[in-house]
Amino acid sequence: MNSWQPTAALGRALLVGAIGVGFAVLFGDPVLVVLVAPMLLLAALGLLNRPSSSPRVEVQLDHVTLHEGQGTRSRLLIDDTTDVEYVTRVAAHAPYVAMHPASGHLGVLLGEVEEPPAIEVSPRRWGVRILGEEKVGLTGPWAGYRWGPVLLPGRSMWVLPSTAPFDSRAEAPHPVGLVGRHRSTRPGEGTEFADIRPFHAGDRLRRINWRVSLRSDVLHVVTSRAEQDTGVLLVVDALADHGRSEGIGGTQSSLDVTVRAATAVAEHYVRSGDRVSLRVIGADQEVVGYGAGARHLRLIQGRLTRIRPGEPRYLVAERMQFRATAGTVVVVLSPMLANAMGTVVALLASRGLPVMVIDTLPPDVVPAVIEGTDPVVASLAWRMRRIEREQQLARLAGLGCPVVAWRGPGTLDDVLRRLARRAQLPRAGAR
């Protein structure tokens, strides 16, 4: 209803006033006129202040891109408030979106505030969140006429995964590139001191350390580390979501842990100046190439936000292309409940790449039971699947792929140190 219509209160006032005046004339009793005089006065004021404007309303969000747990305001914009005295908003609830007021009902006199009422919203889980539909109604002076209520569609929000606390003090095992904080394990034309050694044929004369050379009577040169960065490939398992999600601050599902951990690892390496790539194995098969910088980090976060759990139509692990060149560190984030992920990890390890698996299955996860299934049978099947999973993880560890459970800061330190030591070991090569 996009036009001003008389309210029920105006109709009651006119009806009661007319009946009172009629009975006063019929019975000759002026007291009845005095009794209905307030109703007649309100009806007259409502008719005299009949609205003539044509307002238009719109809902606007202060921020359409937020992180989990952050908040913003949903504001109501009215282009013409000349004849508007009272505004009413009723917003429906949406999954994983908290509101204030919690009921979603809000009403205010425009004369008491400078702008129409705003509803505070806070998304509690990553993803594309669509706010609930709203009904907005306007009331004219003296409650004589009303406009609406009109139905407004819910606005969509991009909710980025929260940055889980993560930090790593270990160096990456195979730095390659030109920039980045992680030091290279081989000497090169850099600026960071590595060692002082005797002069060899081909060394640059400007590298000679004259103090050590004069004391030892033998020319010595200063060596430095090559200024190189790390190529990090994040492989995210989105084939299924195990467990129940309650949003930020509550119980996490396996996909919650996976997405938040991938965001934390990507932010750590990007802020270190390293090149990071993303490959999602799931319904949408999202791919982000190698890059660095704040814009690239936001691109990765945006792709993680659009993840939908599900299996692709054709999933052949042996034919997947990961674009991982020599020296790339591969981080696989998965609950490791799909056989295809074990095949992917084994294939990456067979190419000689340093591969580590971050186990994102919550320890207390309980699978959803289909209605009509015997709970005893479902519990037995889940225990058997957990045993198969442990055996698969043991086989991957035997292939040289360390498996570590996600626990925030320091999760990858020990694994990265072991991979770095292993990368420095001499390898036998065929001539």
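The values are calculated or read from the model by the stated rules, or taken from the named source; none is laboratory data. Model, not experiment: these values are computed from the prediction. So basically every Cβ, Gly included, is an ideal-geometry build from the backbone, and we count neighbours across all protein chains shown.
Looking for whichever is more than 29 Å from the chain's Cα centre (by Cα) and modelled with pLDDT of 90 or more here; the options are 158, 147, 126. Which one fits? Give the derivation first.
On the way: 158 fails: more than 29 Å from the chain's Cα centre (by Cα); 126 fails: more than 29 Å from the chain's Cα centre (by Cα).
When all the criteria are applied, what remains is 147.
Can you spot a residue in the range 368-378 that is β-branched (Val, Ile, Thr) and touching a residue at least 40 places away in the same chain (Cβ under 8 Å)?
No, that holds for no residue.
Quick one: count up the residues across the range 316-362 that are among the charged types (D, E, K, R), over 18 Å from residue 392 (Cα atoms) and without any contact (Cβ under 8 Å) to a residue 40 or more places away in the chain. Break it down into steps so the answer makes sense when it comes.
Step one: filter the range 316-362 for residues among the charged types (D, E, K, R), giving 318-319, 323, 351, 359.
Of the ones still in play, those that are also over 18 Å from residue 392 (Cα atoms) are 319, 323, 351.
Add one more test, that the residue is without any contact (Cβ under 8 Å) to a residue 40 or more places away in the chain, and what stays is 319, 351.
Residues that pass the stated criteria total 2.
Among (1) outside any loop (DSSP other than H, G, I, E, B); (2) touching a Leu at 6+ places or on another chain (Cβ under 9 Å); (3) in the same structural domain as residue 362 (by TED's automatic domain parsing), where does residue 243 come up short?
In the conditions (1) outside any loop (DSSP other than H, G, I, E, B); (2) touching a Leu at 6+ places or on another chain (Cβ under 9 Å); (3) in the same structural domain as residue 362 (by TED's automatic domain parsing), residue 243 misses (1) alone.
Is it the case that some residue within the range 342-357 is assigned by TED's automatic domain parsing to the domain that holds residue 254 and within 24 Å of residue 250 (Cβ to Cβ)?
So in the range 342-357, the residues assigned by TED's automatic domain parsing to the domain that holds residue 254 come out as 342-357.
Still in the list and also within 24 Å of residue 250 (Cβ to Cβ): none.
There is no residue in the range 342-357 that is assigned by TED's automatic domain parsing to the domain that holds residue 254 and within 24 Å of residue 250 (Cβ to Cβ).
What's the number of the only condition in (1) buried (at least 22 other Cβ atoms within 10 Å of the Cβ); (2) within 26 Å of residue 129 (Cα to Cα) that residue 231 fails to meet?
Only one criterion in (1) buried (at least 22 other Cβ atoms within 10 Å of the Cβ); (2) within 26 Å of residue 129 (Cα to Cα) is unmet by residue 231, namely (2).
Looking at 334, 350, which one is out of contact with any helix residue (DSSP H, G or I) (no Cβ under 7 Å at 6 or more places or on another chain), within 18 Å of residue 317 (Cα to Cα) and of a type in the set (S, T, N, Q)?
350
Can you tell me which residue in the range 325-355 is surrounded by the most Cβ atoms within 10 Å (Cβ to Cβ), limited to those that are of a type in the set (Gly, Ala, Ser) and over 26 Å from the mean Cα position of the chain (by Cα)? First the steps, then the outcome.
Of the range 325-355, the ones of a type in the set (Gly, Ala, Ser) are 326-327, 334, 338, 340, 342, 346, 349-350, 352.
Those still in the list that are over 26 Å from the mean Cα position of the chain (by Cα) too: 326-327, 342, 346, 349-350, 352.
Numbers: 326: 10, 327: 18, 342: 22, 346: 16, 349: 19, 350: 11, 352: 12.
The selected residue is 342.
Among (1) over 26 Å from residue 364 (Cβ atoms); (2) at pLDDT 90 or above; (3) of a type outside the set (D, E, K, R), which single condition is residue 254 missing?
Of everything listed in (1) over 26 Å from residue 364 (Cβ atoms); (2) at pLDDT 90 or above; (3) of a type outside the set (D, E, K, R), residue 254 misses just condition (1).
Just to be sure I understand, how many residues within the range 55-75 are more than 26 Å from the chain's Cα centre (by Cα) and in contact (Cβ under 8 Å) with a residue 40 or more places away in the chain? Quick ask: steps written out before the conclusion?
From the range 55-75, those more than 26 Å from the chain's Cα centre (by Cα) are 55-58; that's our starting set.
Retained after the next criterion (residues that are in contact (Cβ under 8 Å) with a residue 40 or more places away in the chain): 55, 57-58.
Result for the range 55-75: 3.
Of the residues 138, 178, which single one is assigned to a loop (DSSP other than H, G, I, E, B), out of contact with any Pro (no Cβ under 6 Å at 6 or more places or on another chain) and either modelled with pLDDT under 90 or over 30 Å from residue 254 (Cα atoms) (or both)?
Just a single option satisfies the conditions, and that option is 178.
Of the residues 265, 222, 218, which is in a helix (DSSP H, G or I), over 20 Å from residue 315 (Cα atoms) and in contact (Cβ under 8 Å) with a residue 12 or more places away in the chain? If you could, list the steps in order and put the result at the bottom.
Numbers: 222 fails: in a helix (DSSP H, G or I); 218 fails: in a helix (DSSP H, G or I).
Of 265, 222, 218, the one residue that is in a helix (DSSP H, G or I), over 20 Å from residue 315 (Cα atoms) and in contact (Cβ under 8 Å) with a residue 12 or more places away in the chain is 265.
Take the residues in the range 284-310 that are modelled with pLDDT of 85 or more and part of a loop (DSSP other than H, G, I, E, B), then tell me which one is surrounded by the most Cβ atoms within 10 Å (Cβ to Cβ).
The first filter runs over the range 284-310 and keeps only residues modelled with pLDDT of 85 or more, leaving 286-310.
So of that shortlist, the ones also part of a loop (DSSP other than H, G, I, E, B) come out as 286, 292-293, 306-310.
Working: 286: 20, 292: 19, 293: 12, 306: 13, 307: 22, 308: 14, 309: 17, 310: 13.
Out of the qualifying residues, it is 307.
Residues that are surrounded by 24 or more Cβ atoms within 10 Å (Cβ to Cβ), within 16 Å of residue 95 (Cβ to Cβ), hydrophobic (A, V, I, L, M, F, W, C) and touching a Ser or Thr at 6+ places or on another chain (Cβ under 9 Å): does the range 247-255 have at least one?
yes
Taking the condition modelled with pLDDT of 85 or more and more than 14 Å from residue 236 (Cα to Cα), does residue 333 pass?
Details: modelled with pLDDT of 85 or more: yes; more than 14 Å from residue 236 (Cα to Cα): no.
So residue 333 fails the test.
Going through the range 111-153 one residue at a time, which ones are touching an Asp or Glu at 6+ places or on another chain (Cβ under 8 Å) and over 28 Å from residue 51 (Cβ atoms)?
Once the filter is applied, which keeps residues that are touching an Asp or Glu at 6+ places or on another chain (Cβ under 8 Å) and over 28 Å from residue 51 (Cβ atoms), the range 111-153 yields 123, 124, 125, 126.
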